[in-house]
Each structure stands twice: as structure tokens, then as C-alpha cells.
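Structure first, then comments.
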Amino acid sequence: MAASLDGLRVAFLVAPEGVEQVELTEPWRAVGEAGGQAELVSVSSGPVQAFNHLDKADTFTVDRTVDRVGAADYDGLVLPGGVANPDALRRYPEAVRFVGGFFAAQKPVAAICHAPWMLIEADVVRGRNVTSYPSLATDLRNAGANWTDEQVVVDSGLVTSRTPDDLNAFCAKLVEEVAEGKHRAQARSAHREEAETG
């Protein structure tokens, strides 16, 4: 029987421009089909411009801005990829703090493709098992992660995948991890300051 997310809220954090559309829409659909409520969070209000690789795709309306929410408002976090998306997001301290807050609160986080750049920026990958788009392997290893080339890697509430080709496995695991709830081991890679203030 499929995991149920009834009554659970999942944040999707993206930059105003550059998110890979299918890495937003497919996990969003999976959360909804499992009974969860997805919310689009960004650094500013208004539309988000998604891309299909390098071509502009659809726009999506932001539900809440990252400066007005925290990990306490959600049961899980999804970080879609696209090269420009996490590269832009990691320049915003409030977005980085938002990501770190989920680890301090022991809540599930799922990141695909280039999105693990946000995990590096939040300094939450040390000692964790992860995967990503292959070009991030060195970055993740340098940040202390154990990187492997697999379609999906799950490490105590942290779900990572490589590319849109891995979306079926990624979506299934993110729903499963959010349904399971808090994972105590998530907090082991969070900053002490976040654990105290989050």
C-alpha cells in the first residue's frame, strides 16, 4: 500500500527563475496524489519562471516567501534542480537557513539534480550518503559527503537523486520519507546554532 501524506504539508523551495520544470511538477504531483499539501516557497512573491533545460517553460505562482516561513510550518522539504535554480538560491541567507532548519528539526528533505548545492551551502552533508547530478560529485565530497552514482540515495530522511530520469524513484522515496515523519539522524548534520534556535 502506498504511503499516505494526508494532513501533511510539503514545501518546494525554488528561485524566482531557473528551476527545472519536471523536477518541480513531478514531485508536486506525487505529494498531491499521496494526499499531501504542496506549497511553493521562494525568495520573492509573484511568478516563478521554470525551464526545460535551457528553454523557458511555464510559470508558477509562489504561495509563500521564505522570509515568512520556517521548518516548523512543514512536514518535509523538496529542492528541485536546474543549474541556475540552486545557484541563485544559495545567495540568499534566508533560503539557506530555511533548508538548515529542516535538518535541525529532524524533518525529511529531498533534493534532485543540482539542488544538493543548497545542502552544501547549508553545511548539512558532512558524513551523509548522497547522490546528485554527476558534476556536483567533487563539490559534495569536498563538503564531506559520501557521493555515489545511484538513481536514488536515502540516508535517514535525506533523499537525493541525479537527473529527471530518476524521478520515479525519487518521488516514491520522498513520499515514503515524509510519511515516516521525523528522522532523528537528520539533526546530526545540522549546525548546533540551528538546533538551538530552530
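The values are calculated or read from the model by the stated rules, or taken from the named source; none is laboratory data. None of these values were measured; they are calculated from a predicted model. Reconstructed Cβ throughout: ideal geometry from the backbone, glycine too, with neighbour counts over all protein chains shown. With ligands, DNA and RNA removed, areas are computed over all heavy atoms of the protein, side chains included. Shrake-Rupley method; radii C 1.70, N 1.55, O 1.52, S 1.80 Å.
Within the option set 81, 127, being touching a strand residue (DSSP E or B) at 6+ places or on another chain (Cβ under 6 Å) and more than 18 Å from residue 9 (Cα to Cα) holds for one residue only, 81. Total residues in region 101-114 satisfying the condition of being over 11 Å from the mean Cα position of the chain (by Cα) and either closer than 24 Å to residue 21 by Cα or among the small types (Gly, Ala, Ser) (or both): the figure is 3.
Would you check which residues across region 48-63 are modelled with pLDDT of 95 or more and either surrounded by 15 or more Cβ atoms within 10 Å (Cβ to Cβ) or part of a loop (DSSP other than H, G, I, E, B) (or both) and list them? Selection gives 48, 49, 50, 51, 57, 60, 62, 63. Within region 127-142, identify whether any single residue is of a type in the set (Ser, Thr, Tyr) and within 17 Å of residue 16 (Cα to Cα), and answer yes or no. Looking for residues that are of a type in the set (Ser, Thr, Tyr) and within 17 Å of residue 16 (Cα to Cα), one finds none in region 127-142, hence no.
For residue 44, the conditions (1) part of a loop (DSSP other than H, G, I, E, B); (2) of a type outside the set (A, V, I, L, M); (3) under 16 Å from the mean Cα position of the chain (by Cα) are fulfilled apart from (3). Among the residues of region 1-34, those that are in a loop (DSSP other than H, G, I, E, B) and either open to solvent by less than 30 Å² (accessible area, probe 1.4 Å) or among the acidic types (Asp, Glu) (or both) comprise 5, 6, 14, 15, 34.
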